[in-house]
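I'd like to ask some things about the structure below.
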Amino acid sequence: MKLLIKSGRIIDPSRNIDRVENILIEEGKISSYPAETKKLEKDKKINLIDASGKTVSPGFIDMHVHLREPGYEHKETIRTGCEAGAAGGFTSLVCMPNTNPINDNASVTEYILLKARKEGIVNVFPIGAITKGEKGESLAQIGEMFEAGCVGISDDGMPVMNSKVMRHAMEYVRPFNIPVISHAEDKNLSGNGVMNEGFFSNKLGLGGIPNASEEVIVARDITLAELTGVHLHIAHVSTAGSVRLIREAKARGIRVTAEATPHHVMLTDEAVLGYDTNAKVNPPIRTAEDVEFIRDGLKDGTIDAIATDHAPHSEDEKKVEFDLAPFGISGLETALPISLKLVTEGVLTLNQLIEKLTFNPAQIVNIDRGTLMVGAKADLVIFDTEKAFTVDRMKFRSKGKNSPFHGWKLTGHVEYTIVGGEIVYSA
Amino acid sequence: MVFQRKHILGLEELDAREINLVLDTAASMKEVSERDVKKVPALKGTTVVNLFFEPSTRTRSSFEIAEKRLSADVLNFTLSQSSVIKGETLLDTARNLEAMGAGVIVIRHSMSGAPWLLAKELHSSIINAGDGSHEHPSQALLDLFTIREIKGEIGGLVVVIVGDIRHSRVARSNIWGFLRLGAEVRVVGPATLIPKEIEYMDVKVFYTLEEALKDADVVIMLRIQMERQGSEYFPSLREYSKFYGLSREKLRIAKDDVSVMHPGPINRGVELSSEVADDVNSVILDQVSNGIAVRMAMLYLVASGGRNV
Amino acid sequence: MAGKVLMNSETMTETVTRITREILERNPDANKLVIVGIRTRGIHLARRLADQIEKKTGIKPPLGTLDISLYRDDLGIKDEWPELKKTDIPFTVDKKSVILVDDVIFTGRTSRAAIEAIMDFGRPSIIQLAVLVDRGHRELPIQADYTGNRIDTNTGEKVKVLLSETDGTDAVVVSQE
Ligand SMILES: [Zn+2]
């Protein structure tokens, strides 16, 4: 099937492009940028999308999602997660290994990829565990998982506390040239914390997770990355101190990259007031000062990518005591409009934002996506930066309705999501 | 003034007028408690459920007596936390009780915010009988009531709260309550047990008891639970008691007519020396008897306030 | 205040004097009398009656106040609950002749609540009810033993008793709501 996208504003940071052009897609690939479209428009075998007034960019790549399958299909499945991704403009999802069983060996990786091929409407790239069972003790089957298709390793959610184990994981993985993704958290410092430690945790009588809990592990992992030479990627940066540490490490030439989530750049811990479990997330939403630092980090390139840490949970699981509610925010379907606020608020240009949603994450996990150059896989998103709407979490395609953005009036709406030349979502 | 609230969840959300209304109502309720027939029909036909997820014979008994004096039908539901975690959710349990006709649910829970969950999801009036490390409104209200009775006025008093401020719901509720009514509030304890953000609540922080006690009108001793605090917060009970236990000698630093309070149960020899616990300055038994009147007032007011919502 | 003046300062004084006389006629042993005013205006009327009794007999009857909020039968229905005030009956009612005093008797429900409340304080030998105005429309089989003025009203009308202690003047006024 051929597809002609007419008169869209093409933003492709991989080639530093921002101009109105037409795109012709053939056989799932970007085939050309025809200047003249009259003849093509008459061709009945070519589908036409009029993208005038809309923005066309490489499909978004979310390098940090939880698709929950296998094991937690009541929260999300590969099918529903991919549908949610498509609705959010994502054409590639990089999924974390904390499923059940944990993705710590090639058979689980293969299962996920098989399911994704059969039911997933967007691309799925798995992350393997660092240690067996994410127990932090012995190394997972890293080589075999790499062969099976894992694009990085991480013990997300259950960070490796033993520095020696972490060191060996880094050493072992370095020749495979995939990143070690660190959910930086000292579990002992976090203790039974359930939100940011600060004014509001004290007020609400909830256990706090101090900034230091993240920063000591960011510092440790940077130190170990320096020692081992591995590519370290810091997931969901949430504190001012982490931004400082990463900035300093980058300046010294250490191979470290980082991501931030839309909720960590748009919310403060006040969101927890009223014991709103939809704002319970790990790392926790922090203070206005932290938000400022992360925004600065995005601006100066310290933070390379925006990833949602999409963590869907069922309504029943969240409608419990705050202490008992699982951590996580369902983020795929609000990522674009929330991130666009960074543009309207002057933090990033639209080009920079798209770079952090496309080309940069593709580079970090080393996949051949995130570009619209001729010959590239035709993964695209067409969106309207002006269209306003009100977030209704109950309308999410994701099974996880757990969003702190419910009821927010936002602008930025995905019109089409195209994966391999096929329209997988249209508004 | 009419009480507009359907629930009493915490002191933080009450303003001075509302707190005073509860205390005034409690004064009227106290008269009922002094009669030979200590029972009035106000809540006849109303079912009140005491939903307790933590064993607390004191608070539960006090609420139960208060409910019975108001002629409510009382249902006690005490669950251990472990049975809840594997079984039905808090919300399921509470919805079942509501379906049985509970008009008011009095909840005690080990986790902060649990009463808010019920208030959000149910139709019944909710009274917080203590949630995690958050609030314990009935305790603070009875402390305020007791002190107002003794001193006549709360405004201008110097109130010292001693011990584990970090984990104490009694401390949080009392801080809000005494501040709202115009007292100066000081907190004192080991640095590990005083969160640094407490200063934003407008209290003065001390780390030596002797300094904190200067000019004190009221001293509230918090219960120390070694099983909760563990050994990572302070080295031993002996050392805690040496620095933060209240002896008659240290008490002399406070004003002569200082009132000493303790939410109970007391660890004699840890928070208080026995002589202080039995001292004339100790109002601990007044606290217990006032507790019933204050809880009657809370029940009466939420049952009334709920109708306006 | 607009409306028909039913009683002025002068006639009110006369009425209280008459009620006092009737009370003493029916209760010759003034030592057994206790006077209990029902909040709020009944309190002041009760004090006036007690003063008059003292003047006439030289015996000062114990004077109490009663808040019937906790005894109302409409707590489950009414939108606004009354603010609870203190009940103060610092004497025994056992074997006494209790004179309940209220300003107006209407449905009879307040009186019923007051009777129930008094019974919780003990076992009086007799309870009698004195009111300044009986405006009819009883919903319970309750009548006052001593009535200042009996008037026909419709339910839409408002009977307002003004007392110098709270309102600066003594009067009873009937007005349309
Ligand atoms: Zn994580």
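Check off (1) part of a helix (DSSP H, G or I); (2) away from the ligand (no atom under 16 Å from the Cβ) for A:Leu206 and give me the number that stays unchecked.
(1)
For the range A:204-227, which positions are within 14 Å of another protein chain (Cβ to nearest Cβ) and either within 20 Å of A:Asn98 (Cβ to Cβ) or in contact (Cβ under 8 Å) with a residue 60 or more places away in the chain (or both)?
Listed by number, the residues that qualify are A:Leu204, A:Leu206, A:Gly207, A:Ile209, A:Asn211.
Of A:Ile364, A:Ile338, A:Ile329, which residue is farther than 20 Å from A:Val281 by Cα and either touching a residue at least 60 places away in the same chain (Cβ under 8 Å) or not assigned by TED's automatic domain parsing to the domain that holds A:Met96 (or both)?
Testing whether each residue is farther than 20 Å from A:Val281 by Cα and either touching a residue at least 60 places away in the same chain (Cβ under 8 Å) or not assigned by TED's automatic domain parsing to the domain that holds A:Met96 (or both) leaves just A:Ile364.
Out of C:Ala46, C:Ala50, I need the residue that is more than 14 Å from chain B (Cβ to nearest Cβ), closer than 30 Å to B:Ser304 by Cβ and open to solvent by less than 20 Å² (accessible area, probe 1.4 Å). Which one?
C:Ala46
Could you run through the range A:149-173 and say how many residues are outside any helix (DSSP H, G or I), open to solvent by 20 Å² or more (accessible area, probe 1.4 Å) and either touching a strand residue (DSSP E or B) at 6+ places or on another chain (Cβ under 7 Å) or within 16 Å of the ligand (Cβ to nearest atom) (or both)?
Residues meeting the conditions: 4.
I need the full set of residues from the range A:247-264 which are in a helix (DSSP H, G or I) and within 16 Å of the ligand (Cβ to nearest atom), in order please.
The answer is A:Pro262, A:His263, A:His264.
Among the helices (runs of 4 or more DSSP H) confined wholly to the range B:167-243, which include 3 or more residues that are open to solvent by 50 Å² or more (accessible area, probe 1.4 Å)?
Those helices (runs of 4 or more DSSP H) span B:226-229.
Still on this model: Determine if the range B:106-120 includes at least one residue that is among the polar types (S, T, N, Q), within 10 Å of another protein chain (Cβ to nearest Cβ), touching a residue at least 40 places away in the same chain (Cβ under 8 Å) and open to solvent by 10 Å² or more (accessible area, probe 1.4 Å).
Yes, the range B:106-120 has at least one match.
How many of the residues making up the range B:244-284 are over 22 Å from B:Gln225 (Cα atoms), hydroxyl-bearing (Ser, Thr, Tyr) and surrounded by fewer than 14 Cβ atoms within 10 Å (Cβ to Cβ)?
Of the residues in the range B:244-284, 0 are over 22 Å from B:Gln225 (Cα atoms), hydroxyl-bearing (Ser, Thr, Tyr) and surrounded by fewer than 14 Cβ atoms within 10 Å (Cβ to Cβ).
Could you check the range A:1-76 for strands (runs of 3 or more DSSP E) lying wholly inside it with 1 or more residues that are open to solvent by 10 Å² or more (accessible area, probe 1.4 Å) and either in the same structural domain as A:Leu340 (by TED's automatic domain parsing) or over 12 Å from A:Leu372 (Cα atoms) (or both)?
It comes to A:2-12, A:17-26, A:46-50.
Could you tell me which numbered condition A:Phe200 fails, if it satisfies all but one of (1) away from the ligand (no atom under 16 Å from the Cβ); (2) farther than 28 Å from A:Asp290 by Cα; (3) not β-branched (Val, Ile, Thr)?
Going through (1) away from the ligand (no atom under 16 Å from the Cβ); (2) farther than 28 Å from A:Asp290 by Cα; (3) not β-branched (Val, Ile, Thr) one by one, A:Phe200 breaks only (2).
So if I check each of C:Val34, C:Val98, C:Val133, which one is closer than 17 Å to C:Leu163 by Cβ, in contact (Cβ under 8 Å) with a residue 60 or more places away in the chain and open to solvent by less than 50 Å² (accessible area, probe 1.4 Å)?
Going through C:Val34, C:Val98, C:Val133 in turn, just one is closer than 17 Å to C:Leu163 by Cβ, in contact (Cβ under 8 Å) with a residue 60 or more places away in the chain and open to solvent by less than 50 Å² (accessible area, probe 1.4 Å): C:Val133.
Would you mind telling me which numbered condition in (1) of a type outside the set (Asp, Glu); (2) away from chain B (no Cβ under 14 Å); (3) within 15 Å of the ligand (Cβ to nearest atom) A:Lys341 fails?
If we test A:Lys341 against (1) of a type outside the set (Asp, Glu); (2) away from chain B (no Cβ under 14 Å); (3) within 15 Å of the ligand (Cβ to nearest atom), just (3) comes out false.
For the range C:135-155, does any single residue satisfy the condition of being within 14 Å of chain B (Cβ to nearest Cβ) and not in a strand (DSSP E or B)?
No, the conditions are met nowhere in the range C:135-155.
Could you tell me whether A:Pro126 is within 16 Å of the ligand (Cβ to nearest atom), touching a residue at least 40 places away in the same chain (Cβ under 8 Å) and buried (at least 22 other Cβ atoms within 10 Å of the Cβ)?
No: the conditions fail for A:Pro126.
So that you can scan it fast, the table gives a plain yes or no per residue for (1) hydroxyl-bearing (Ser, Thr, Tyr); (2) at pLDDT 90 or above; (3) in the same structural domain as B:Ala119 (by TED's automatic domain parsing); (4) farther than 17 Å from A:Glu321 by Cβ:
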residue	(1), (2), (3), (4)
B:Leu51	no, yes, yes, no
B:Glu54	no, no, yes, no
B:Arg58	no, no, yes, yes
B:Ser61	yes, yes, yes, yes
B:Ile65	no, yes, yes, yes
B:Ser71	yes, yes, yes, yes
B:Thr89	yes, no, yes, no
B:Ala102	no, yes, yes, yes
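Out of all the residues in the range C:53-77, which are at pLDDT 90 or above and surrounded by fewer than 19 Cβ atoms within 10 Å (Cβ to Cβ)?
Those that are at pLDDT 90 or above and surrounded by fewer than 19 Cβ atoms within 10 Å (Cβ to Cβ): C:Glu54, C:Lys55, C:Lys56, C:Thr57, C:Gly58, C:Ile59, C:Lys60, C:Pro62.
Related question: Being of a type in the set (Val, Ile, Thr) and within 16 Å of the ligand (Cβ to nearest atom) is the filter; apply it to the range A:174-187 and report the residue that is surrounded by the fewest Cβ atoms within 10 Å (Cβ to Cβ).
A:Val180
Restricting attention to the range A:77-90, which residues are open to solvent by 10 Å² or more (accessible area, probe 1.4 Å) and in a loop (DSSP other than H, G, I, E, B)?
A:Thr77
Let me ask another. How about the range A:265-296: which of its residues are within 15 Å of the ligand (Cβ to nearest atom) and open to solvent by 30 Å² or more (accessible area, probe 1.4 Å)?
Once the filter is applied, which keeps residues that are within 15 Å of the ligand (Cβ to nearest atom) and open to solvent by 30 Å² or more (accessible area, probe 1.4 Å), the range A:265-296 yields nothing.
Residues B:Val288, B:Val302, B:Val294: which one is open to solvent by 10 Å² or more (accessible area, probe 1.4 Å), touching a residue at least 60 places away in the same chain (Cβ under 8 Å) and in a helix (DSSP H, G or I)?
Sole residue among the options that is open to solvent by 10 Å² or more (accessible area, probe 1.4 Å), touching a residue at least 60 places away in the same chain (Cβ under 8 Å) and in a helix (DSSP H, G or I): B:Val288.
State which residue pairs qualify: first residue within 13 Å of chain B (Cβ to nearest Cβ) and inside the range C:106-128, second residue of a type in the set (Ser, Thr, Tyr) in any location, beta carbons under 6 Å apart, and separation of 6 or more residues or different chains.
Every condition considered, the pairs that remain are C:Ala113/C:Tyr71; C:Glu116/C:Tyr71; C:Ala117/C:Tyr71; C:Gly122/C:Thr92.
Turning to a different aspect of this structure: Can you report the number of residues in the range B:8-17 which are more than 9 Å from every other protein chain (Cβ to nearest Cβ) and part of a loop (DSSP other than H, G, I, E, B)?
Of the residues in that region, 6 qualify.
For residues that are open to solvent by less than 30 Å² (accessible area, probe 1.4 Å) and either small (Gly, Ala, Ser) or within 17 Å of B:Phe63 (Cβ to Cβ) (or both), scanning just the range B:86-102, find the one that is nearest to the other protein chains (Cβ to nearest Cβ).
B:Ala94
Among the residues of the range B:18-47, write down those that are within 14 Å of chain C (Cβ to nearest Cβ), of a type in the set (A, V, I, L, M, F, W, C) and not in a loop (DSSP other than H, G, I, E, B).
Selection gives B:Leu21, B:Val22, B:Leu23, B:Ala26, B:Ala27, B:Met29, B:Val32.
The values are calculated or read from the model by the stated rules, or taken from the named source; none is laboratory data. Just so it is clear, the model here is predicted, and its values are computed rather than measured. Cβ sites come from the backbone with ideal geometry, for glycine too, and all protein chains shown count toward neighbours. What goes into the accessible areas is simple: the full protein's heavy atoms, side chains included, and nothing from ligands, DNA or RNA. Shrake-Rupley method; radii C 1.70, N 1.55, O 1.52, S 1.80 Å.
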